[in-house]
Amino acid sequence: MASGQAGDGAFRFRVSDAFEVPLRGTMLRLRTLEGRPRIRDVSPGRKLQLLTPDGRTRDITVRHLAMTGGRQTQDRLDRTRELDIVISMEDAGAGDDRVEIGWIAVGPRTG
């Protein structure tokens, strides 16, 4: 997949938690697996692709950066390698198609 070089724009996260946030959507806690994601690449309005464990894919749009534990900054993302985002309930899916722990979120290759 991606080379993982800083600044190439390609990155992969593992969904390490997913839960509904009333009146906002679904919060996904993402743990960096590969690459060096930039905050601007996961800011509100940006698209990510979700990959299910069985290989299905779908696009999602970041609605908000969650403020759990404080403000999301590039320094914090680099240090903790975790990021909390909020997506719409529609993007999160329903029933057997609902995003779950273990899914992969892939960022765009921009470079």
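A few remarks follow.
- The shape of the chain can be summarised by an equivalent ellipsoid whose semi-axes, obtained from the alpha carbon gyration tensor, come to 20, 17, 12 Å from longest to shortest.
- Among M27, M89, M67: highest mean-square fluctuation, GNM of the chain, C-alpha pairs under 10 Å: M67
- Set the Cα radius of gyration of region 22-82 against 2.2 N^0.38 Å, with N its number of residues, and you get 1.17.
- Label-point separation, E100 to R46 (7 Å along Cα→Cβ), nm: 2.8 nm
- Magnitude of the charge dipole for region 12-106, about its Cα centre and with charges confined to Cβ atoms of Lys, Arg (+1) and Asp, Glu (-1), is about 480 debye.
Every read-out reported here was derived from the displayed coordinates using simple, explicitly stated rules and does not represent laboratory data. None of these values were measured; they are calculated from a predicted model. Here the Cβ is made from the backbone with ideal geometry for all residues, glycine too, and neighbour counts use every protein chain on show.
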